Amino acid sequence: MTQKIIYMDNAAATRLDEAVFEAMKPCYFENYAVATSEFGYSQGLEARETLAEARASIASALGAAPEEFIFTSGNTESSNLALKGVAKALGNKKGKHLIVSKIEDFPVLQSARSLEKQGFEVDYLEVDDLGFVKLDQLEALLRPDTILVSVQHANHEIGTVQDLETIGRLCSEKNVLFHTDATHTFTRLPLDVRRIKVDLITVSAHTIHGPKGIGGLYVRRGTSLEKIADGGFQEFDLRAGIENIPGAVGFAKAVSLVTEEENARLKVMRDRLIEQVITKIPLVTLNGDPEKRIPQNANLSFHHVEGESITLHLDMYGIAVSTGSACFSRSLEASHVMMAIGGDHERAHGSIRFTFSRYNTMEEIDLVVETLANIVENLRRISPLGKQGGV
């Protein structure tokens, strides 16, 4: 008998919704032409129309015009294009100074470090113990030669949601472009470019039950941006390469399926898990803000025990969770996010991220907490860390 899997690592990837798969199928078997065909035959024109409909649907969810949204291969490419594309466009015109927060996901951080090697100057913005960027420091760091600020909408590990409205206003007042990585908030939290002064937004389908390998970048009209990969003139000449029309259609369908009721349900599951864990298991710290956090994220540190040991034991019971970001968990180094919010190595290595989806249930929450309580108790009993902590 196959063991039922309880999957709670939905920040890394979500199960594809069957309705998304059905929407994509015709693009593989019926009309699989290239949207930018030079020959103008009917299948190519139909493919172009299909792509345009998907683009308009996703753009409208951001309050944007269709021509302000370009498709990419996912959040990594989108963030690379945002930072490097702005640097390429403005580096020899306005300046070579960028500001990014210390707790950004790796596509932003590594792009910033790559630009540093090319002669750009990057300031890394501090955060407080809940993960909020220090707005007074941001204001002080803004300079005449600053070309871009990049601060994520919500953190991928601890879930803290930033004040985009204030950050956008500060950047706008100084004529500085503002990019935000909304990989974990798009459709989960309100994000309207008509209200918030943000110039570039990274989004992706893989966190909302859409297909992997498709994402997008919102680019406000008039934003200085140059493509970073040479080739064709696709995506308004900002992203070369044959368009992933099945992915675009799947992304649009995934966006349409997210509802306010679903997000409210995720929040209830999140709060139930946090409350039960803190009630039933001693020496646990909630990471991130308890209220201003994305509805699908709960990140907790279990003191005097290794998070890696917890995840391995949970896996034996068919429960999948993460010790940090999907890219980070292979490394033995302490999480840069946890260290930035003032955590030590023990707290960082003892952290577990639970992220929920429409396929999780309240019954699963209760089972996970019960299993987790037994695992932590047993691990602390045999762990040298537990003995040192007086457990």
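Taking amide H as placed 1.01 Å from N in the peptide plane, S101 has its amide H under 5 Å from the amide H of L125, S150, Q152, each at least 5 places away in sequence or on another chain. In terms of its C-alpha gyration tensor, the chain has an oblate overall shape, because the principal axis ratio a/c (a ≥ b ≥ c, square roots of the eigenvalues) is not below 1.5 and a/b does not outweigh b/c.
Determine the percent antiparallel among the DSSP beta bridges restricted to the chain, to the nearest 5.
Bridges in the chain that DSSP calls antiparallel: roughly 50 percent.
For the stretch 349-375 versus the stretch 3-35, the inter-centroid distance based on Cα atoms is 24 Å. Under 16 Å of direct C-alpha separation, and excluding same-chain neighbours fewer than eight residues apart, K96 reaches these aspartates and glutamates: E116, E121, D123, D145, E226. With contributions of -39500 (n - 2.57) from each DSSP H run of at least four residues, the per-residue ellipticity at 222 nm computed over the chain stands at -12500 deg cm²/dmol. In the context of the full set of protein chains, residues of the stretch 1-141 present 49 Å² of accessible surface per residue (probe radius 1.4 Å, heavy atoms only).
Stretch L312-N374 to full length: gain in nm at 0.36 nm per residue minus the Cα-Cα span?
21.0 nm
Entry comment: accessible area of the stretch 145-257 is 33 Å² per residue, from protein heavy atoms only and a probe of 1.4 Å. Working from Cα pairs under 8 Å separated by at least six residues, relative contact order for the chain is 22 percent. Spatially, the stretch 232-292 and the stretch 45-114 are offset by 18 Å when compared through their Cα centroids.
Please report the carbon-and-sulfur percent of the accessible area for the chain; probe 1.4 Å, protein heavy atoms only, DNA, RNA and ligands left out. Carbon and sulfur together cover 53 percent of it.
The values are calculated or read from the model by the stated rules, or taken from the named source; none is laboratory data. A quick note: this is a predicted structure, and the numbers were derived from the prediction, not measured. The accessibility values were calculated without ligands, DNA or RNA, using every heavy atom of the protein model including side chains. Shrake-Rupley method; radii C 1.70, N 1.55, O 1.52, S 1.80 Å.
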